[in-house]
Structure formats: structure tokens, C-alpha cells
Amino acid sequence: MLSDKLPDQGLTIFSHMTQLAQQTGAINLSQGFPDFAPPAALLEAAARHLRDGNNQYAPMAGIEPLRQQVALKIAQRYQRTLDHDTELTIVPGATEAIFCAIQTLVHPGDEVILLDPSYDSYAPSVQLAGGRCVHVPLQQPGFTIDWQRLTDAFTVRTRMLIINSPHNPSGALFTRDDLDQLATLLRGKNVWLLSDEVYEHLVYDGRQHASVLAHDELYQRALVISSFGKTYHVTGWKTGYVAAPPTLTAALRKVHQYVSFCGVTPIQHALAEFMASHPQHLEELPGFYQARRDFFCRLLGSSKFHFTPTPGTYFQLADYSAIRADLDDVAMVEWLAHEAGVAAIPISVFYRDPPPGLRLVRFCFAKQESTLQQAAERLCAL
């Protein structure tokens, strides 16, 4: 008989809602992907590298030009000089990086602290490593850390803490003070830090991303993960990277080489070329997405949804209590897809134990203005 290692896992909510959008004809603001084209120069570079023969295995750690460009970006933005040979690894997607990082450091019986709501790949990855998840809910409003509850969650078995900023699904941001307090909390503990920073460049209203890469003490125990897909509007390219001190990088690569071995070669060449020739893309990205956020929020202003414009990511949370308080959020997104023709994501799926009375859904605004306008018109009619 089959002994399923993930007996409680089924189709992800993201796949389910995308399928539901297709079935109902709903506008898909659920899954986090753009419906507009990536930069033309990036696409041209990818096509050229395909034609030029860059179609065989890349080095296991990633091609050197791309690792050099990532190191340059980190030096410029976070004032940390990394050795691109020993501290940077290119991977086929941030989710693969999360899986490999957890498999590298978590052993059977180890405990891993997750801050709920949390991205849905964390817990299954811990489970597959034989670890146990310890869930600490973030405080509302604001999705901030409850420092006393976090402190109380540590035991002698705690081996890893996973943090995520800018935060999916809420868009909340860690501050430098948060990182300093975290460093104090972890000091003297044999605990690794996994920092999911895939939305690092999607921060709005003049605020700055507080990266673990810019924190000397935390970086020494950390694996920091980011995503080219989120940054360059190419989520289907499934390419990301891991930055970590040399000892951690060497251990991570032992696992990575047996999971995927390497990322996609022509994609890596195209990204390296585009990063070198279009450094302004990173500077323009916050304004690019803030304009979409502001446009969507302005349109939703006449609806019955209650919300505060998100400070980061390309997700906007909205409270629907004034529309259908009788529905929990899972029932609400089904209702929205069928009755309003808009697909969203329920927030409760990001929790182990959702707070009672949670009435929040997540919309993705990484869309063309015409898409957002059509969706907002339907939502405002409720």
C-alpha cells in the first residue's frame, strides 16, 4: 500500500483558484503572476542565447556572469561584498531553494518556527525533512511579530526560523529594528535563519527593504533567498538565487546538486546580460508596481471592501466583512469567482490555525490596468 509522505496535502489553493477562474471565466487576481510582457530586451536576449547554443547544462552553482551580477547588486544595495564563487548559488526557482535549504539543515525531530500566515511550501518541506513545524501567529493589524510568543516558541530542538519580508500574503515589511531584535533573540542559540526575500524590490511609499544581507550578525547564520521571476516579470522562468556564508553555501549545494543540479542555461545568460545592460530596471520597479497598487486601490475606494494600501509585494489584502460577513474566506473566494467573476485567494490557507472571524482575501495587482479596471468594476458592484 502507498505510504504518502504528505497525506494532508492536496491541490494548492493557487492551482485551484486558477482552475476555477478558467472554469467560470473570472478575472484571475489570485495566483501571483503578471499578465503583461516582460522587458523586450530580456526576451530578445533569451531568444538570442537559445539560438547561440547556450542549451546544455550550466555549472551546478550557476553561470559565473549571473553570479557576478547578483554580487554587484548586493554590494550596491546592501553594502555586503559576497564572493560569487562561494556565497551565491543560482537555483531553478525560490521554492526549490527553500526546499533545499530546509533539507540541508533540518534533521528528523528538529523544530522549525514559522510565522503565520506563511507561504505554503514551508511546512511540507519541513515535514519531508522529518522536522516539526512550530507556528507563531503574527499580530494584527499590521502582521507584526509578537516577540514574547516568538521567544517562548524556542526550545532545545529549535533548528531553524523562517522569515519572509516583504511578506506574502500581507505585504508587511520587517524593519531594521526588527532584525536587530531578532539578532538579540538568536544570539547564543544553535538556530539557522532562512530569509525569504523574493519580493525585495517591491517596496513602496519611499520605504526601504530591510534585508538580512545588510545585517552583519544575522547573515552569518542565514540563507537569503530571492527570485528573478518576481523582479523581472518572468515567473514562468523559475529562476532564483541563494546567498549564504561559504560553509552554508557548500552544504546547500550538496543537496541542490541532487534535486535539480542546475538552473536553465539560456535563461541564466539572458538575465546576466539584462542585469548588466539595464541596471535602471531595479530603480524603476517600485514606482512601476506602486502605480498599479494605487490605481487598483483608487478604483476599489468606492467598493464595500476595507483595506490599507499594501507596503510591499504585488498583493493587496481586503476585508470583505461589509459584503458577506456570513462567509468564511474560503467560501468567499468561491462566491467571488462565481458571483462577481473575480478570483482571489483566502488568507486562512496561509495559517495552521486561522484567527477566528478572519475575513480577508488577497488580490494580485501585477496586472494590466485594463485587467484591474474590469476586476474593480465587478468588485464595486457587490
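The values are calculated or read from the model by the stated rules, or taken from the named source; none is laboratory data. Computed from a prediction, not measured in an experiment: that's the story for all the values here. Cβ: placed from backbone, ideal geometry, glycine included. Neighbour counts: every protein chain shown.
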Taking the stretch 93-129, which residues are touching a helix residue (DSSP H, G or I) at 6+ places or on another chain (Cβ under 7 Å) and hydrophobic (A, V, I, L, M, F, W, C)? 98, 99, 100, 101, 102, 106, 112, 113, 114, 126, 129
Cβ pairs under 9 Å, 6+ apart or interchain, first in the stretch 115-129 and among the β-branched types (Val, Ile, Thr), second surrounded by 20 or more Cβ atoms within 10 Å (Cβ to Cβ) and in a loop (DSSP other than H, G, I, E, B), ordered by first then second residue, are 126/106
May I ask you to say which residue of 67, 51, 80, 132 is assigned by TED's automatic domain parsing to the domain that holds residue 201 and in contact with an Asp or Glu (Cβ under 6 Å, 6 or more places away or on another chain)? 132
When residue 81 is run through (1) over 13 Å from residue 242 (Cα atoms); (2) in contact (Cβ under 8 Å) with a residue 40 or more places away in the chain; (3) not aliphatic (A, V, I, L, M), the failure sits at (2)
Sole miss for residue 255 among (1) assigned by TED's automatic domain parsing to the domain that holds residue 192; (2) under 17 Å from residue 229 (Cβ atoms) is condition (2)
In the stretch 165-190, what residues are more than 30 Å from residue 30 (Cβ to Cβ) and either touching a residue at least 60 places away in the same chain (Cβ under 8 Å) or part of a helix (DSSP H, G or I) (or both)? 176, 177, 179, 180, 181, 182, 183, 184, 185, 186
Within the stretch 191-229, tally of residues that are part of a strand (DSSP E or B) and among the acidic types (Asp, Glu): 1
Hey, which of the helices (runs of 4 or more DSSP H) in the stretch 277-356, taking only ones fully inside, have at least 2 residues that are among the polar types (S, T, N, Q) and modelled with pLDDT of 95 or more? 280-300
Among the numbered criteria (1) within 21 Å of residue 315 (Cα to Cα); (2) within 15 Å of the chain's Cα centre (by Cα), which single criterion is violated by residue 208? (2)
In the stretch 216-232, anything among the polar types (S, T, N, Q) and within 8 Å of residue 243 (Cβ to Cβ) is listed as 226
Would you pick out the residues in the stretch 16-42 that are outside any loop (DSSP other than H, G, I, E, B), touching a residue at least 12 places away in the same chain (Cβ under 8 Å) and within 24 Å of the chain's Cα centre (by Cα)? 17, 18, 20, 21, 27, 28, 42
Every residue from the stretch 357-373 that is part of a helix (DSSP H, G or I) and either crowded, with 16+ Cβ neighbours inside 10 Å or not assigned by TED's automatic domain parsing to the domain that holds residue 31 (or both): 371, 372
Residue 104: assigned by TED's automatic domain parsing to the domain that holds residue 241, more than 14 Å from the chain's Cα centre (by Cα), closer than 28 Å to residue 62 by Cβ and of a type in the set (Ser, Thr, Tyr), yes or no? yes
For residues in the stretch 269-308 being aromatic (Phe, Trp, Tyr) and in contact (Cβ under 8 Å) with a residue 24 or more places away in the chain, which is farthest from residue 173 (Cα to Cα)? 274
Can you confirm whether residue 151 is in a loop (DSSP other than H, G, I, E, B) and more than 14 Å from the chain's Cα centre (by Cα)? no
